[in-house]
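Only one structure is covered here, and it is reproduced in the block below.
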Amino acid sequence: MTATPDVWKITSVADAAEVRAALDRVVTAAEVPPLERARFLTSLTALLRRCLERHGDWELLPRVRQDAEEEAGRLDVTVRPVGSMAPHPADEPALSCALPRPTEPTLDAGAPLTAALLHADEHTAAVLNLLDEQERLLHLHREELHQTNQGVLALHADLEAASRVQRELLEAERAARAEAERARRLLTFLTDASAAISASLNPAAILRGLADLLVPEYARHLDVWLFDDEQEHTDDDRPLPVPHHAAAAVTAARTGRPQHAATHPGALPGVDDLPPSALSPDRPLLAIPLMSRRLLGVLTLTAPGPRFDPDTSVMLVELARRVGVALDNARRYEQYRDTAEALQRAQLTQLPTVPGLLLAARYLPATRGLNIGGDWYDAFLQPDGSLLAVIGDVTGHGLHAAVVMGQLRTALRAYAVETDSPAEILTRLHRMLGHLQPELYATAMIARFRPGDPEVVWASAGHPPAVVRGTDGSVRVLEARPGVMLGIPMPFVYTDHRVDLPAGSSLVLYTDGLVERRALGIDAGIARLGQALGALSGPELQQDPQAAADALLKPLLHDSERDDDICLLLCHTVPPAGP
């Protein structure tokens, strides 16, 4: 084998053995670990064997690469047939080995091949020792793995038990959440249903709303049996039932307790069980008394499914109790309202007949709430032949407002006997109301008409301004500043104002319920009233003042919520009749 500093020539097995021995010394000197050293030399032997098997002469070029900033390097080995061009340094080497400590490859001062062969056995022994150590470690790892597997199996058993307990807890939690959600849903429904039935004071509307709420989710069918006030009562003040109702409803009416009728007991809280009803043999019935201060009737429900749920039955019993209270309130309201309206209408004036003046009046009670009993109009003759037209509105509503309104009406007529000045009459009413009802106030307006006098004297106590239509059809509002409301705790003297109303003119007095809207205010309503008055012709006003009054109301009522009384007094002047 011949060698150069850079290239080793391989022509025989001996040359290959010397090359292998030389590179063995290089990687040994570079302190390559035994396992990596054995892998490199084994790959080198295979590479040399392939070269010899291909015949011909070969060259082997070893090169050590080392970065300037690092102590370690790399041994690259490239082979080529003799006579080939030298490989470029950037070419991919045939074999490579990392060198922890770099050294230069050389064949000088090499050991004999026999020593190299024995040295190769040292590599094999090192690898075998490493394999023995790895086998020992593997055995230890197997023991540890076995112990770990036993622990894992035990842990799996514990985890399975914990998982089973967790599933049971989750199922219990899910059931509890479902129960809580169901209770929340029932409570929300009860709250919303209570608000819905309490919003109305009409018994028929309450019962219609109840049916819409319960059918079909909570009942397949609903029946309400209400007892009439004229119906005979037993000694314990419970009505005698009539025979065409279900036996459960009859029993509920007699006992005052909820009854459940079905083929099987319902076990519903606070509910008695009965045999199935002949009116509904296939589905359970639930008959619940409607109670308030007394027994008002019975609510009978047909189950929406095969049975009534206990929680739902509790909600239905509570809802029935609230329905009873709502029905009782609605009946009391109707009685109260009817009384207030009757008192109100009883005090309204039959309009007098006055030469040169046509009168028409309208009173419309509120259709919503208890806002009834405070508005009034009046028109009466004075001893001197003049006429006082009055409109007023007492704050507050109901019987109390109607009573105070009657007192004001009576006092006003009494004061008018002593003076014909509208301002003086209002001043006296102001002092009287402050002493009579210190926490109640009122607005009023008085207009005085004298026969043959086109001038009208008027005064206002905080009342909406009157609207005037001239003979030419023009409309204006009496904008003079009104005095304070009657009864305000402060001394006040009212002032008379004057307006010309020649024959063919109109004066409209009204209360705020006609023109006031929550979204628009009162000014827009007064403007609409003026437009309606201006749309009437003189012949319409003179020939049929009653129809003219209706024509004034019509455009202002179509969008009214009717939550307040409405009064209107139309005064139209005409030429005096001839002799």
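The values are calculated or read from the model by the stated rules, or taken from the named source; none is laboratory data. Treat the numbers as computed from the prediction; the structure is a model and nothing was measured. Neighbour counts are summed over all protein chains in view; Cβ atoms, including those assigned to glycine, are modelled from backbone coordinates with ideal geometry. These area figures cover heavy atoms from the full protein model, side chains too; ligands, DNA and RNA do not enter into them. Shrake-Rupley method; radii C 1.70, N 1.55, O 1.52, S 1.80 Å.
Tabulated data
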read-out: Förster-model FRET efficiency, 35 Å R0, Arg321 and Leu399, C-beta, rounded to 0.05; value: 0.80
read-out: Arg257 paired with Glu36, simple spin-label distance in nm, labels 7 Å along Cα-to-beta-carbon; value: 9.5
read-out: Three-way shape label, segment 445-579, alpha-carbon gyration tensor, a/c 1.5; value: oblate
read-out: Accessible surface, 1.4 Å probe, highest first, among residues Asp76, Asp523, Asp309; value: Asp523, Asp309, Asp76
read-out: Loop GluC sites (Glu not before Pro), segment 393-458 (other Cβ atoms within 10 Å of the site Cβ: 15 or fewer; DSSP); value: Glu439
read-out: Cα→Cβ-extended label distance, 7 Å offset, between Ala196 and Ala267, nm; value: 3.1
read-out: Share of carbon and sulfur in the accessible heavy-atom surface of segment 352-479 [1.4 Å probe, %]; value: 53
read-out: Accessible area per residue in Å² at 1.4 Å probe, computed on the chain; value: 53
read-out: Tensor-based shape of segment 357-462 (alpha-carbon gyration tensor, a/c under 1.5 rounded, otherwise prolate or oblate); value: oblate
read-out: Size of electric dipole in the chain: Cβ of Lys, Arg +1 and of Asp, Glu -1, about Cα centre, debye, nearest 20; value: 1720
read-out: Net charge over other residues, Cβ less than 12 angstrom from the Cβ of Ser198 (K, R count +1; D, E count -1); value: -1
read-out: Accessible area of segment 255-297 belonging to carbon and sulfur atoms, whole % at 1.4 Å probe; value: 58
read-out: Potential extension, Ile488-Leu187 segment - 0.36 nm per residue separation minus Cα distance; value: 103.7 nm
read-out: Residue-span extension gain [Glu143 to Ala162] - 0.36 nm each, minus C-alpha spacing; value: 4.0 nm
read-out: Dipole of the chain, positive direction: furthest Cα of Leu553, Ala379, Leu190, with charges on the beta-carbon; value: Ala379
read-out: Formal net charge of residues neighbouring Val493 (Cβ-Cβ distance under 15 Å; K, R +1; D, E -1); value: +1
read-out: Ala503 versus Ala204: modelled label distance in nm, points set 7 Å from Cα along the beta carbon direction; value: 5.0
read-out: Calculated FRET value between Thr367 and Ala519, using beta carbons and R₀ = 22 Å, to 0.05; value: 0.70
read-out: Solvent-accessible ranking of Leu351, Leu501, largest area first, probe 1.4 Å; value: Leu351, Leu501
read-out: Counting all C-alpha pairs of the chain, share separated by more than 36 Å (%); value: 66
read-out: Between segment 265-283 and segment 494-533, the Cα center-to-center distance that results, in Å; value: 64
